Amino acid sequence: MQKQDDLRGNAVFDQWTFEHQVIDRFTVNLTEWIAAQSKLRCLQFRQTVEKLGELNAQLQSHFAREEEICKHLKAIHQDCPLDAEAVQRQVDHDHSNISNRLKHLIDRMQEAEVEMDSWKKGVHELGLIIDLIEQHDEQESESVSCLLPRVSQ
């Protein structure tokens, strides 16, 4: 039974790692696109809102899959569920915070008039959100790595 949990743990961890790589690539591409837009004379608010919406959709899908990982962790740690529950509470809090901040930015960018000050504020807020996503990923990686059984390779 332990070996089966270890193998499932490896598969779940590999999927979790892949998911984070997809989000990382998306945020890097988005950051590069925003930097290029910032150099243009006519700022692309509508297209930026669409891209932020894509990021939000990807994150929501990613967060749903991470919720499945938390359920898996709780099942593995039935004898000591407090560790897995603490990780899940932190993950849920982070996901909610990231989602709310991104939705707020999308709403502000939709309402903003095409002016440089609004653009700069939006770009700055996006940078803070991406930093928050990266910080969340690092903390989550550490927590998941400690809780998820893995077979040595």
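Values in this text are rule-based calculations from the coordinates and carry no lab data. Keep in mind that this is a model prediction, so the values were computed, not measured.
Applying 0.36 nm per residue to the separation of residue 60 and residue 44 and subtracting their alpha-carbon distance, the gain on full extension is 3.3 nm. Of all lysines in the structure, the ones whose alpha carbon falls short of 26 Å from that of residue 51, not counting any fewer than 8 places away in one chain, are 39, 103, 120, 121.
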